[in-house]
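Enquirer: Starting off with a structure, shown below.
Throughout, read-outs are computed from the coordinates displayed, never taken from laboratory work. The model shown is predicted, which means the values in this text are computed figures rather than measured ones. Quick reminder, even Gly has a Cβ in these numbers, built from the backbone with ideal geometry, and neighbours come from all protein chains shown.
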Amino acid sequence: MPRQREDHKDWYKLDNAGVLYTALQKEEYSALYRFSAVMDRPVDPAALQRALDKTMPRFPSFRVRMRRGYFWNYLEFNDAPGPFVKEDMSNPCQPVRYREDSGWLIRFFYYERRISLEVFHAVSDGAGSLVLFRTLLAVYLRELGHEIPNTCGVRDVDTPPEPEELEDAYARYIGKTSLHGGRERTAYPNTGTPEPFYTLNTTMGFVSVAQVKEKAKSYGASVTEYLTAVLIQTILDKQHRENPRREKPVALAIPIDLRSFFPSETVRNFILTARPSIDPALGEYSFPEIVAQVHHYLRLNVNRQRLRAVFTGNVRYQSNKLFTIIPSIFKNRGVSFVYKSTGVRPYSGTYTNLGVFQVSPEMAAHIERMEIILGQATVPRVHCASISCGDILNITFAGTLCESDTEREFFRFLVREGIHVRVESNRRCDPKGGSPCPTA
């Protein structure tokens, strides 16, 4: 039986990341992402809905709607019926509209053997949402009669959440010293011809985890470092083919899960981004040199002390007395304007690696693979994300570009590296090379 509303907070103050994503929110754009699990048999929608009804009370920070306050937006407990599972759509990650769908900021879909979760980034980051998703899948499998233990990150839906799961971890770990980075150079934008609203092109590559690990190890790098270098190399080559008068740096936004550095069980946002880059104006880089640059940059800059100083500066800015008395409508415009300078122009795209989707052997027997999609960018470009389950690593490019140069050349590079790639896409096959065929 679902727990009563009185067991939960009536509202949640937006965390530091949530403030940003709500400021960017507009009719034609939402910061959304999707996780999907491809199961071993067709999905039972009724069983999935029963599982969802049992799971959601355990995660009150997801059972929220957005409210616009005079000074701050905030998340309010949503007591509307739902959320309800729906048949999937051809264009995932549609924008969120606060007044539609009873205000839900998360969505659940099914199609044949696929179960999908979409989350508005103001609610949670990828690591937090995977806790909800993993627990939902466990409860769903129990509804089908399977014995699934509450291990490997599956939460017990018959117990209330721990207070730490609902905390604002940024505020908990705020330090004494803040670090404000200087303005980064404008990067090669990697944009192109935008698709009609709302068309999200997705191209998924499936590779062997063992093969990628072996190749990354040959360069002395981790999987994340290696794939980051491959994407940078791909975009560098694309810019070079365009033969500009002066080539710009190629830089990626790499989300960092702060839970790896600051112990926290929060299922809300707790991330920062790193910015590895290569400047071709300095000269030509070989691929091993790019891997080495990415490797040493991340090892040097991604550490507990520096990360704390960065998010301390962000949190202090948010709590500045002058800033707090500005009406939210002006705050949002200001944050959106600053983001275009600091969160868009210095980057050529985003790559996020969620790593291994850990589940118990009892669950693993029923999950064929995991998939991830990042929703549209604020400008017409592709973003890249990856996640693995078993020996299958899913790498997905998603965006609103007509052109498919980046994803096509990325996977061709992996093939030249000796890595077997299977490709699926929702694009229509273009024999002239504009869009990849469904398989390759």
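Enquirer: Among all the lysines, which ones have a C-alpha under 28 Å from Lys13's C-alpha, if same-chain residues fewer than 8 places away are not counted?
Expert: Straight-line reach from Lys13, under 28 Å: Lys26, Lys54, Lys176, Lys321, Lys331, Lys340.
Enquirer: To the nearest 20 debye, what charge dipole does the range 5-156 have about its Cα centre, counting +1 at the Cβ of each Lys and Arg and -1 at the Cβ of each Asp and Glu? Spell out each step's value before the answer.
Expert: Values: 22 positive and 21 negative charges, 38 e Å.
Around 180 debye, computed over the range 5-156.
Enquirer: Another question about this same structure. What does the convex hull of the Cα atoms come to per residue for the range 159-199, in Å³? Spell out each step's value before the answer.
Expert: Values: hull volume 7.4 nm³, N = 41.
Cα convex hull per residue, to the nearest whole number: 181 Å³.
Enquirer: Something else: Treat every Asp and Glu Cβ in the chain as -1 and every Lys and Arg Cβ as +1, leave all other atoms uncharged, and give the resulting dipole magnitude about the Cα centre to the nearest 20 debye.
Expert: Numbers: 57 positive and 50 negative charges, 302 e Å.
Rounded to the nearest 20 debye, it is 1460 debye.
Enquirer: Rg/Rh for the range 112-205: what does it come to with C-alpha atoms and Rh from Kirkwood? Intermediate results must be reported in sequence, preceding the final value.
Expert: Numbers: Rg = 20.1 Å, Rh = 18.3 Å.
Taking Rh as the inverse mean 1/r over Cα pairs, Rg/Rh reads 1.10.
Enquirer: Give the aspartates and glutamates reachable from Lys86 as a straight Cα distance under 19 Å; neighbours fewer than 8 places away on the same chain don't count.
Expert: Those aspartates and glutamates meeting the cut-off are Asp44, Asp53, Glu100, Asp101, Glu112, Glu118, Glu143, Glu371.
Enquirer: Per 0.36 nm of contour for each residue apart, how much would the distance between Asp156 and Ala171 grow if the chain were fully extended, relative to their Cα-Cα spacing? Intermediate results must be reported in sequence, preceding the final value.
Expert: Working: separation 15, 0.36 × 15 = 5.40 nm, distance 2.67 nm.
So the chain would gain 2.7 nm between Asp156 and Ala171.
Enquirer: How much FRET efficiency would the formula 1/(1 + (r/R0)^6) give for Thr199 and Ser286, where r is the Cβ-Cβ distance and R0 is 35 Å, rounded to 0.05?
Expert: On the way: r = 37 Å, r/R0 = 1.06.
Between Thr199 and Ser286 the formula returns 0.40.
Enquirer: Can you tell me the FRET efficiency between Val356 and Arg113 if r is taken as the Cβ-Cβ distance and R0 is 25 Å, rounded to the nearest 0.05? Let's see the in-between values first.
Expert: Numbers: r = 21 Å, r/R0 = 0.84.
After rounding, the FRET efficiency stands at 0.75.
Enquirer: Kindly state, to the nearest 0.05, the FRET efficiency for Asn243 paired with Ser178, given R0 = 35 Å and r defined as their beta-carbon distance. Could the numbers behind the result be given before it?
Expert: Numbers: r = 42 Å, r/R0 = 1.21.
The pair Asn243/Ser178 has a calculated efficiency of 0.25.
Enquirer: For the range 229-308, report the convex hull volume of the alpha-carbon atoms normalised per residue, in Å³, without decimals.
Expert: Details: hull volume 8.8 nm³, N = 80.
So the per-residue hull volume is 111 Å³.
Enquirer: Something else: Using the charge dipole of the chain (Lys, Arg: +1 at Cβ; Asp, Glu: -1 at Cβ; taken about the Cα centre), state which of Val415, Asn73, Gly375 has its Cα farthest towards the positive end.
Expert: So the residue we want is Asn73.
Enquirer: Given N residues in the range 5-156, what is its alpha carbon radius of gyration divided by 2.2 N^0.38 Å? Mind showing how you got there, number by number?
Expert: Details: Rg = 15.4 Å, N = 152, 2.2 N^0.38 = 14.8 Å.
Rounded to two decimals, the normalised Rg is 1.04.
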